[in-house]
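These notes concern the structure reproduced below.
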Amino acid sequence: MNATAVVVEESELDLVERHRYGDPAAFEAIYERFERMVYNLALRMCADPDEASDLSQEVFLRVYRHLSGFRGGSSLKTWIYRVTVNCCRSHLRRRRWPWTSRRARLEDHLVRLPDPAPGPEAAALNRDLGERLGAALAAIPLPFREAVVLRDVHGLSYEEVAGVLRVRPGTVRSRIARGRERLRLLLEESG
């Protein structure tokens, strides 16, 4: 018999249950599973890497405090997306930042991400498109940005986006269509 150990990812509900009973390793596992997702969503929503890092910490603090109240009506992933979106909304309402000053920071951050596959010319074109897309995304209204980021960047289904944003799937489809149209127009304007 082969003694190879098979690592099975523990279910979300099992982790929540272990957290309820005071197992600190359960929350660590949840954090490790979702930290990248939370940071990336916060970065796309607020357009600033430092703010995204702070927001990620705030999100996980809220998750930690309220995780025992999670009842499983949605997936844990959807619930954490919802906490992240709500945290970002609150933060953006408090700050009312001028987006033009934040665009450069997001673009600088996105430019530093290495992409080993393309050659120099393709890399330059991708970088330019990434910068234009980041600036355009930061310029569209928050409800459209939320829907587009959750669907097109994070790959959630329309139903999952509706669950995160607590709106009807038809509203999600409308916001995504309007957001994509605004992005298209902004990208055409920028060349």
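The values are calculated or read from the model by the stated rules, or taken from the named source; none is laboratory data. Everything quoted here is computed from the prediction, not taken from an experiment. Every residue, glycine as well, gets a Cβ built from its backbone with ideal geometry; the counts of neighbours run over all protein chains shown. The accessibility values were calculated without ligands, DNA or RNA, using every heavy atom of the protein model including side chains. Shrake-Rupley method; radii C 1.70, N 1.55, O 1.52, S 1.80 Å.
Using a 1.4 Å probe, how large is the accessible area of ARG145, given in Å² and rounded to the nearest 10?
10 Å²
Counting only protein heavy atoms and a 1.4 Å probe, tell me what percentage of the stretch 1-93's accessible area is made up of carbon and sulfur.
Numbers: 2580 of 5210 Å².
Carbon and sulfur: 50 percent of the exposed surface of the stretch 1-93.
For ASP54, project a label point 7 Å along Cα to C-beta. Then give me every residue of the stretch 64-93 with its amide nitrogen under 19 Å of that point.
84-93
For the stretch 21-33, in order, what is each residue's ³J(HN,Hα) by Karplus, 6.51 cos²θ - 1.76 cosθ + 1.60 with θ = phi - 60°, in whole Hz (x at glycine and Pro)?
8, x, 7, x, 5, 5, 5, 4, 5, 5, 4, 4, 5
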